[in-house]
1. I'm checking my understanding of the structure. Among residues of the range 75-114 that are over 21 Å from A151 (Cα atoms) and charged (D, E, K, R), which one is surrounded by the most Cβ atoms within 10 Å (Cβ to Cβ)?
2. I'd like the residue in the range 98-120 that is closer than 21 Å to P142 by Cβ and assigned to a loop (DSSP other than H, G, I, E, B) and, out of all such residues, is nearest to the chain's Cα centre (by Cα).
3. Among the candidates P179, P211, P124, which residue alone is closer than 30 Å to G246 by Cβ, at pLDDT 95 or above and open to solvent by 50 Å² or more (accessible area, probe 1.4 Å)?
4. Are any residues in the range 157-189 part of a helix (DSSP H, G or I) and without any contact (Cβ under 8 Å) to a residue 12 or more places away in the chain, and if so, which ones?
5. Please identify the pairs in which a residue from the range 367-385 that is within 13 Å of G44 (Cβ to Cβ) has its Cβ atom under 7 Å from the Cβ atom of a residue that is modelled with pLDDT under 95 and open to solvent by 60 Å² or more (accessible area, probe 1.4 Å), counting only partners at least 6 apart or on another chain.
6. Restricting to the range 21-32, name every residue that is among the hydrophobic types (A, V, I, L, M, F, W, C), over 24 Å from R369 (Cβ atoms) and either at pLDDT below 95 or assigned to a helix (DSSP H, G or I) (or both).
7. Going through R301, R316 one at a time, which residue ends up being assigned to a loop (DSSP other than H, G, I, E, B) and more than 18 Å from F342 (Cβ to Cβ)?
8. Name the one entry in P202, P287, P242, P235 that is in contact with a strand residue (DSSP E or B) (Cβ under 9 Å, 6 or more places away or on another chain) and under 22 Å from A352 (Cβ atoms).
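The values are calculated or read from the model by the stated rules, or taken from the named source; none is laboratory data. Just so it is clear, the structure is predicted and the values come from calculations on it, not from any experiment. Ideal geometry is used to build each Cβ from the backbone, glycine not excepted, and the neighbour counts take in all protein chains shown. These accessible areas exclude ligands, DNA and RNA; they are computed on the full protein's heavy atoms, side chains included. Shrake-Rupley method; radii C 1.70, N 1.55, O 1.52, S 1.80 Å.
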Amino acid sequence: MSQPPPLRARAEIDLAALRANVRALRARAPRAALMAVVKSDAYGHGMVPCAKAALEAGATWLGTATPHEALALRAAGIQGRVMCWLWTPGGPWREAIEADLDMSVSGLWALREVTAAAREVGRPARIQLKCDTGLGRNGCQPADWPELVAAALAAEAEGTVEVTGLWSHLACADEPGHPSITAQLDVFRDLVAYAEKAGITPEVRHIANSPATLTLPETHFDLVRTGIAIYGVSPSPELGTPADFGLRPVMTLAASVALVKQVPAGHGVSYGHHYVTAEETTLGLVPLGYADGIPRHASGRGPVLVGGKWRRVAGRVAMDQFVVDLGPDGGAVAEGTEALLFGPGDRGEPTAEDWAQAAGTIAYEIVTRIGTRVPRVYLNEDSDE
């Protein structure tokens, strides 16, 4: 059998690790159902393969930001409960109802649009009412909650909606002890109690994200929404490493060194010559750049394992490539040598968190921004159960 051609770069996605992460997270919240959040192409890992693997490992819900992401899951043949929460006026309500999605509603405008679509379709829409308990983004303000609840109950009586959930989102769950956590939980309990006393009978109540699932059992309620954690990335270095939570990073990003060459001392490297060689040395060209999602802010700092040693990006990250200084002996590196940007760390390679520190950002952004020009190579596609 012929071998596939070597790749310029690749993002290896270990689906066995993802399944194991889902099982570890389920064990953290044993009395709650688990939603695997696969928005933004599963945080850059590939939405459909990751959704399937998460369901195989016991996730009973999938979550997306946009309805178009949720509809893409249905188009791929994925069944079961799928929730989407980021709606704008004129959104595809009718298609979402026909696809049997659960849709978040944060205000009266959305309720009016979804009920109108339900009348056209001739079947009730499954909706979840979102309350803003203090994050200040999406969700209904507490002062407006009674009006939204009353309107939702009227729509239920009319047969145009079924309210399947009440939910909210935490602002600072990744900061242990932050006073907003207790404050938001108090508001959430009060708003849920109000809705239930008024006559709403939700199937699920939920507020926990990945960090809350890992560290705040009082937030688990009926459902936990796990995003970054199922991909084996810690929500916050202050909370602990992935290994501290029994998680394993799912993505490994690698490239083939494209060129190795000797240059003299005093040689400028990349745009602006922010790096100049201190001595005669060997440079290695890595064919990945900011068009692939490598953060330009990591110029001069981003770590790479090449030839068994950690190197740093020498000079600026360009659109398609960056350079590493391999030292005077070149470290026995040749064209085609593997450059490991990040992974689980088993081979001594950097992690996504190392790149986040180098770029002054969070590890969520590092994995999510890896672009479509980098092929995803899926490992362990067959379930290990």
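1. The qualifying residue surrounded by the most Cβ atoms within 10 Å (Cβ to Cβ) is R81.
2. Per the stated criteria, the residue is S106.
3. P179
4. A157, P179, T182, D186, R189 - these are the residues of the range 157-189 that are part of a helix (DSSP H, G or I) and without any contact (Cβ under 8 Å) to a residue 12 or more places away in the chain.
5. From the range 367-385, the pairs are P375/L7.
6. Correct list: A24, A27.
7. Criteria check complete, one pass: R316.
8. Checking each option against the conditions leaves just P287.
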